[in-house]
Amino acid sequence: MKTILVAGGAGYIGSHMVALLVEKGYDVVVVDNLCTGHWQAVRGAKLRVGDVRDAAFLDRVFTDDPIDGVINFAAYSLVGESVTDPLKYYGNNLAGAQSMLTAMKNHKVNKIVFSSTAATYGEPEKQPIEETDRTDPTNPYGASKLAIEGMLKWCDRAYGIRYAALRYFNAAGSNTAVGIGEDHSPETHLIPLVLKTALGQQAHIGIFGDDYPTADGTCIRDYIHVRDLAEAHLLALEYLDRGGESGPFNLGSGDGFSVKEIIDTARKVTGKPIPAKVEPRRAGDPSILIASNQKARQVLGWVPHRGLEEIISDAWTWHQSHPQGYGK
Ligand code: UFG
């Protein structure tokens, strides 16, 4: 494997994937329509601006470079927006995956690492969550990703395109060496909003509910460093290249932290007071999501190395040096 196509490589997780591949000596072709991604985040790779749903464009991309494997991040990913506009999510996410798989079939590329999500599980039956647990998404974003996992399964059987569907828990952190980080508009995620509060860009961080059945009443999530996530994608690609069997893999640390614990850790890391206020619950938030990462450890040989303080500290380095994100 030499040349890897990264769709959505100008986005948050995608750009960290590109940085890792470049560091490891791969040739990287990025496809991104830049509707949410940032060209400034693509370092050391060929950027082809276009839409994965555009079959003719994708055909040119596969013709111009000898693509050996695909990592697909291109998707809409806002849970709240997916509830108010489900067709946008089904339309883009499913059509994009279908278009990518069609190009792969036509060009005889038989390996894909696909961004899936913990949102495929919905309200979990138990903790930690295993890949064999029930999948029952509670929003169209998770449903669109689960539908694509189904598409991948049937394409494996029919065309021999093998896949790893990586179900991310809560990605955070940055690559301080390369100088890339998280820049969403609007930002909805906890850690960047806590750090924007530390920078004085908002008066306080809202805690969405403190009456959940957890020790301090706030929601518990499994935060994973974006660099650890990128490493898992590379291991998954190498696993598929060795002939590994297709399937889903959870990517989480296996540890859970409450919203209050995140804010307290951020206060410690930044030395800032970070005012917080309890606000009503956000619709659709499960109380606890913690990954079992046993399968990724055993099958892929993945070991997440970076803990919560490092995640927040790396994110803080990014937000301090890029208070307005990219290029503003
Ligand atoms: N939260 C707050 N205040 C905020 C923002 C978030 O209290 O201002 C809370 C949320 O209620 C939640 C936790 O912080 O309990 C984490 O929220 P995020 O929005 O950072 O992340 P989510 O767990 O909601 O979402 C993540 C991914 C999604 C994925 C989902 C799976 O970002 O892409 O996990 O459930 F779909």
* Asked: Tilt of helix 55-64 relative to the longest C-alpha principal axis of the chain, in degrees (0 to 90, nearest 10)?
  -> 70 degrees
* Asked: Put a dot 7 Å past each Cα toward the Cβ at ASP85 and ASP59; how far apart are the dots in nm?
  -> 3.0 nm
* Surface per residue (accessible, 1.4 Å probe) for the stretch 179-328, Å² -> 43 Å²
* Asked: In terms of solvent-accessible area of protein heavy atoms at a 1.4 angstrom probe, what is the ranking of SER116, SER321, highest value first?
  -> SER321, SER116
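Quick check: with the 1.4 Å probe, what order do VAL18, VAL178 take by accessible area, largest first?
On the way: VAL18 0, VAL178 50 Å².
Descending accessible area places them as VAL178, VAL18.
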* Amide H to amide H, which residues 5 or more places from LEU251 or on other chains are under 5 Å from it, using H placed in the peptide plane? -> ARG167, TYR168, PHE169
* Asked: With every protein chain in place, what's the accessible area of LEU94 (1.4 Å probe, Å², nearest 10)?
  -> 40 Å²
* Give the long-range amide H neighbours of VAL113: residues separated by 5 or more places, or on another chain, with amide H under 5 Å away, using H modelled in the peptide plane at 1.01 Å from N. => VAL70, ILE71, ASN72, ALA164
* Structure fact -> Taking R0 as 30 Å and r as the Cβ-Cβ distance between VAL278 and GLN127, the FRET efficiency 1/(1 + (r/R0)^6), rounded to the nearest 0.05, comes to 0.80
* Residue by residue through the stretch 71-81, which ³J(HN,Hα) values in whole Hz follow from phi under the Karplus form 6.51 cos²θ - 1.76 cosθ + 1.60 (θ = phi - 60°), with glycine and proline marked x? -> 10, 10, 9, 5, 5, 7, 9, 9, 4, x, 5
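Filter the cross-link list LYS108/LYS295; LYS2/LYS111; LYS111/LYS153; LYS196/LYS272; LYS24/LYS46; LYS88/LYS108 down to pairs whose alpha-carbon distance in this structure exceeds 19 Å. Mind showing how you got there, number by number?
Numbers: LYS108/LYS295 28 Å; LYS2/LYS111 13 Å; LYS111/LYS153 12 Å; LYS196/LYS272 11 Å; LYS24/LYS46 16 Å; LYS88/LYS108 30 Å.
Beyond 19 Å between Cα atoms: LYS108/LYS295; LYS88/LYS108.
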* Accessible surface of TRP318 in the full protein assembly, 1.4 angstrom probe, to the nearest 10 Å²? -> 10 Å²
* Roughly how many whole Å is it from the C-alpha centroid of the stretch 293-328 to that of the stretch 24-85? -> 21 Å
* To do: Work out the charge dipole of the stretch 1-109 with +1 on the Cβ of Lys and Arg and -1 on the Cβ of Asp and Glu about the Cα centre, then indicate which of ASN33, LEU101, PHE57 is farthest towards its positive end.
  => LEU101
* What nm distance separates the two modelled labels at ASP136 and LEU34, each placed 7 Å from Cα along Cα→Cβ? -> 4.4 nm
* **Nearest 10 degrees, 0 to 90: helix 308-321 Cα axis against the chain principal axis** => 90 degrees
* Asked: Once phi is turned into θ = phi - 60°, what whole-Hz ³J(HN,Hα) does the Karplus curve with 6.51, -1.76 and 1.60 give for every residue of the stretch 82-88, x standing for Gly and Pro?
  -> 5, 6, 7, 9, x, 5, 4
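In what order, largest first, do LYS105, LYS111, LYS2 sit by accessible area if the probe radius is 1.4 Å? Can you show the working numbers first?
On the way: LYS105 85, LYS111 20, LYS2 110 Å².
Of LYS105, LYS111, LYS2, the descending order of accessible area is LYS2, LYS105, LYS111.
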* Along the Cα-to-Cβ line of ARG267, 7 Å from the Cα, sits a label point; which residues in the stretch 214-252 have backbone N less than 17 Å from it? -> 216-219
* Asked: For the chain, which whole-number percentage of the solvent-accessible area (1.4 Å probe, protein heavy atoms only) is attributable to carbon and sulfur atoms?
  -> 50 percent
* To do: Note the per residue figure in Å³ for the convex hull of the C-alpha positions in the chain.
  => 121 Å³
* Structure fact -> Once amide hydrogens are built 1.01 Å from N within the peptide plane, the residues lying 5 or more places from VAL278 or on another chain with amide H under 5 Å from its amide H are ILE207
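The values are calculated or read from the model by the stated rules, or taken from the named source; none is laboratory data. Worth saying up front: this structure is predicted, and the values here are computed from it rather than measured. Neighbour counts run over all protein chains shown; Cβ positions are idealised from the backbone, glycine included. When the accessible area is computed, the model is the full protein with side chains, heavy atoms only, and any ligands, DNA or RNA have been set aside. Shrake-Rupley method; radii C 1.70, N 1.55, O 1.52, S 1.80 Å.
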